[in-house]
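Derivation of every value follows stated rules applied to the coordinates shown; laboratory data play no part. Just so it is clear, the model here is predicted, and its values are computed rather than measured. Here Cβ is always computed from backbone atoms with ideal geometry, including for glycine, and neighbour counts include all displayed protein chains.
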Amino acid sequence: MSRLVNCPHCGAECAFGAENPWRPFCSERCRLIDLGAWASESYRVPVGEEPDPGGVEPL
Ligand SMILES: [Zn+2]
């Protein structure tokens, strides 16, 4: 049995367990929307290379 959590994006109840790959979100859509809100600029960062924490690039 998985416990239920509320989706941080839409508030819907969803399972917080292995059967929910998008936990703690209720769906892939909510996950993408919520993460995309702050990570949209980070998709250009190559995998394996950590973004500069708090760094501001010149230009
Ligand atoms: Zn949701």
*Please compute the net charge surrounding A12, taking Lys and Arg as +1 and Asp and Glu as -1 over other residues with Cβ under 14 Å from its Cβ.*
0
_Using the basic label-point model (7 angstrom from Cα toward the beta carbon), what is the R23 to N6 distance in nanometres?_
1.9
